[in-house]
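Report on one structure; see the data block that follows.
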Amino acid sequence: MSQLADALASLDEDEVAKLVRAKIDASVDAMSILNECRSGMDIVGERYKSGEYFLSELVVSGEIFKESMKVIEPHLKVGKQADTLTKVVLGTVKGDIHNIGKDIVSVLLGAAGFEVYDLGVDVEPRLFVEKLVETEAPILGMSGLLTPSFESMKETVTAVEAAGLRDKVRVIVGGGVVTELVGKYVGADRFTSDGLKGVEMCKEFAKDLK
Amino acid sequence: MPGDLKVGGRQVKRMTADNLASRMARLQAAINLEEGDRVPVSLMMGATMPCRYKGISQGELYRNPAKGHRAVLEVFDELGGYDAAGAGANTSREENLLDAPMRIKVPGRDIPEHDPIQWEEAEVLTHEDYDKIIEHGWKDFMLEFYPHFRGWDPAEYTTRIETKAARDIKQQKEVMRVWEEKEIPVYQVSYVNTPLMMLSSCRSFVPFTMDLYRIPDKVEATMDAMIDDLIEISIKSVKVMGISLPTGIPAKSLVLERGGSFYYPLRIFERFEWPYTKKMVEAFIDEGIMPILHFDQDWTLNLPYLKELPRGKCICQFDSCTDIFKAKEILRDHMCIMGDVSPSLLSLGTPEEVEAYCKKLIDIIGEGGGFILGVGCSVPTNAKFENLKAMVDTAKNYQPTRAA
């Protein structure tokens, strides 16, 4: 494990900032710095899965990653930004403004190398569909915490079907009270109440697409 | 005699007609970790579901809370009644010093008329506010901060909040009177956030989490400066209602969401959540107030700590995310458990599925006493009436067969 990956996995914010800056100043390839950071994030994910880390550590690592990206991104060569797993359209559904889970997933997806189109909260079904059409993203992630959000998720899946996209788009629903019952009701492919599991599902889908 | 039945190897008296005394006895048996004639059932019935069910918009509920209360009573009657109710479910939370100062989205004003009211997660408090709370305490900080936050004239603030408090008290006392007429014990008055829940809500989750990692000593000093005020205000807020036996139980709900193992490792819980929760619980018990620990999200890893709290003095309420069966293993003979029919089951399941889950809860969590059948968190807006009916009927009619 590189020093940078280790510092990120250890949530050492100051050390990560120092190492990233030093590498940029030494003209180290920005993509390799990014990959080191991603390795650190992978270790954080492993520690979360093993029970050593908790949601807060995912959040802190995500914030450190975001700060690092502000320094790294301007140095990435043109075209390198496209080095992503695939595209994901994400949002909290119509009638629900809860953003914590969705925001965490958005950061983790970005750190894992996905191109994320985060539409925010209280997102109308047609906006999800328009973004799927515009980006040709093969994954749609919908979040919600309130029970009325189940209806909005279902409406959105119906709108995706009506647009003729359902066989091209994998749908994941997530949120604190999302269960298998909810997944079935709304017609999603997968469901989860665990943000990192949502990211793992996206990775599986991305693998299937290759 | 024919009215008697055997439960858990003991002969207990079946109550033929419910009244205030029988319901209270059932409730107290559960709190005291004993078996009553059956498992009590209590719904955390706010007004959002009853209003939706009765065709009253959520906007109308906000503008006219009395309509919401009437809808709650109608649904209560149509369900055939349940064993205990809460007072104050329909009051506005906006001006309460015990609540986190969060911006609300009001149906009919900020969001569509039929959407339920929502609280916006935003950085309302800044780093500088930590210093102010440390210097002034929570109450004095809020008395200055709150009018500014709401855009009110500070000179009018005291009058405004006192007028509001007087109105709330009057309304809640009327609610209690109605429940008393119906011979339903009232056991809950209002909520208080722990310092962690309060700060997480008004700093918002991600910035507050970063504070815990970046400036832990300052966060801890802030919580130290808050806790006594939160306790003092909480005790006053319960006492002003004058709730007491035999018609009700003075109680205070502690909102416990953000400090648990779903979010944070135990070392954070041990430093920033547990000492304050424990202090609040012990202070309430000393004042004759029953703490209701309202757990949202998964607290399974935190359950063993609850054994440090006094035995048979609290209710632990779970929302279906914590492993309630593990909770029974750990808290058996120590603390009354309430829960945990999930929001998804109540809104999307069938009555048969609800009945089956309630029977499982009564069989396992109810074994040996110390259980109140309840919903996970509160009755969700989209709960189906027939599912709530299945829940209430199962509690009333199902008698588990247990080995003598």
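The values are calculated or read from the model by the stated rules, or taken from the named source; none is laboratory data. Predicted, not measured: the structure shown is a model, and the values here were computed from it. Here Cβ is always computed from backbone atoms with ideal geometry, including for glycine, and neighbour counts include all displayed protein chains.
Going through (1) within 14 Å of another protein chain (Cβ to nearest Cβ); (2) modelled with pLDDT of 95 or more one by one, B:Pro310 falls short only on (1). Taken as a whole, the condition of being surrounded by 17 or more Cβ atoms within 10 Å (Cβ to Cβ) and under 17 Å from the mean Cα position of the chain (by Cα) applies to A:Lys131.
From the list B:Gly374, B:Gly369, the lone residue that is more than 14 Å from chain A (Cβ to nearest Cβ) and assigned to a loop (DSSP other than H, G, I, E, B) is B:Gly369.
Taking the stated definitions as given, is A:Val60 outside any helix (DSSP H, G or I), touching a Leu at 6+ places or on another chain (Cβ under 6 Å) and either within 14 Å of another protein chain (Cβ to nearest Cβ) or modelled with pLDDT of 95 or more (or both)? So A:Val60 fails the test. Against the test of being touching a His at 6+ places or on another chain (Cβ under 9 Å) and at pLDDT below 95, the options B:Val186, B:Val192, B:Val178 yield a single qualifying residue, B:Val178. Screening A:Asp103 against (1) within 12 Å of the chain's Cα centre (by Cα); (2) modelled with pLDDT of 95 or more; (3) surrounded by 23 or more Cβ atoms within 10 Å (Cβ to Cβ) leaves a single unmet condition, (2). All conditions in (1) in contact with a Lys or Arg (Cβ under 9 Å, 6 or more places away or on another chain); (2) within 27 Å of A:Asp208 (Cα to Cα); (3) in contact (Cβ under 8 Å) with a residue 40 or more places away in the chain hold for A:Gly62, with the sole exception of (1).
Might you let me know whether the stretch A:114-122 holds any residue that is away from chain B (no Cβ under 14 Å), crowded, with 21+ Cβ neighbours inside 10 Å, in contact (Cβ under 8 Å) with a residue 60 or more places away in the chain and in a loop (DSSP other than H, G, I, E, B)? Checked the stretch A:114-122: at least one residue is away from chain B (no Cβ under 14 Å), crowded, with 21+ Cβ neighbours inside 10 Å, in contact (Cβ under 8 Å) with a residue 60 or more places away in the chain and in a loop (DSSP other than H, G, I, E, B). The residues of the stretch A:146-195 that are assigned to a strand (DSSP E or B) and of a type outside the set (S, T, N, Q), listed by number, are A:Arg170, A:Val171, A:Ile172, A:Val173, A:Gly174, A:Arg190, A:Phe191. Per the listing B:Leu61, B:Leu33, B:Leu20, the residue uniquely at pLDDT 75 or above, over 26 Å from B:Asp319 (Cα atoms) and hydrophobic (A, V, I, L, M, F, W, C) is B:Leu20.
Of all the criteria given as (1) within 12 Å of chain B (Cβ to nearest Cβ); (2) within 20 Å of the chain's Cα centre (by Cα); (3) at pLDDT below 95; (4) not in a helix (DSSP H, G or I), the one not satisfied by A:Gly95 is (2). For the stretch B:294-312, filtered to residues that are more than 12 Å from B:Ile330 (Cα to Cα) and in contact (Cβ under 8 Å) with a residue 40 or more places away in the chain, the residue that is surrounded by the fewest Cβ atoms within 10 Å (Cβ to Cβ) is B:Arg311.
Residues of the stretch B:358-404 that are closer than 25 Å to A:Gly176 by Cα and among the small types (Gly, Ala, Ser): B:Gly374, B:Gly376, B:Ser378, B:Ala383, B:Ala390. Checking the stretch A:28-51 against the condition returns a match, with at least one residue being surrounded by fewer than 18 Cβ atoms within 10 Å (Cβ to Cβ), among the polar types (S, T, N, Q) and farther than 25 Å from B:Pro265 by Cβ. From the list B:Ser253, B:Ser234, pick out the single residue that is of a type in the set (Gly, Ala, Ser), in a helix (DSSP H, G or I), at pLDDT below 95 and touching a strand residue (DSSP E or B) at 6+ places or on another chain (Cβ under 9 Å). So the residue among B:Ser253, B:Ser234 that is of a type in the set (Gly, Ala, Ser), in a helix (DSSP H, G or I), at pLDDT below 95 and touching a strand residue (DSSP E or B) at 6+ places or on another chain (Cβ under 9 Å) is B:Ser234. State all residues of the stretch B:313-348 that are away from chain A (no Cβ under 14 Å), touching a Phe, Trp or Tyr at 6+ places or on another chain (Cβ under 6 Å) and not in a strand (DSSP E or B); if no residue qualifies, say none. B:Ile324 - this is the single residue of the stretch B:313-348 that is away from chain A (no Cβ under 14 Å), touching a Phe, Trp or Tyr at 6+ places or on another chain (Cβ under 6 Å) and not in a strand (DSSP E or B). Among residues that are more than 14 Å from chain B (Cβ to nearest Cβ) and not in a loop (DSSP other than H, G, I, E, B), A:Val105 is not included. Of all the listed residues (B:Ile184, B:Ile227, B:Ile161), the sole one being more than 14 Å from every other protein chain (Cβ to nearest Cβ), more than 25 Å from B:Gly374 (Cβ to Cβ), surrounded by 15 or more Cβ atoms within 10 Å (Cβ to Cβ) and within 21 Å of the chain's Cα centre (by Cα) is B:Ile227. Taking the criterion of being under 25 Å from B:Gly59 (Cα atoms) and among the polar types (S, T, N, Q), the only residue of the stretch B:115-151 that qualifies is B:Gln118.
When B:Asp131, B:Asp217, B:Asp211 are checked against the criterion of being over 21 Å from the mean Cα position of the chain (by Cα), within 14 Å of chain A (Cβ to nearest Cβ), at pLDDT 95 or above and within 30 Å of A:Ser61 (Cβ to Cβ), a single residue qualifies: B:Asp211. For first residues located in the stretch A:85-104 and of a type in the set (Ser, Thr, Tyr), partners that are in a strand (DSSP E or B) and lie 6+ apart or on another chain with Cβ distances below 7 Å form the pairs A:Thr86/A:Ile139; A:Thr92/A:Val123; A:Thr92/A:Ser143.
Considering the stretch A:167-197, and only residues there that are touching a Lys or Arg at 6+ places or on another chain (Cβ under 8 Å) and more than 14 Å from chain B (Cβ to nearest Cβ), the residue that is surrounded by the fewest Cβ atoms within 10 Å (Cβ to Cβ) turns out to be A:Asp189. When A:Ser149 is tested against (1) surrounded by 23 or more Cβ atoms within 10 Å (Cβ to Cβ); (2) farther than 28 Å from B:Pro207 by Cβ, only condition (2) is not met.
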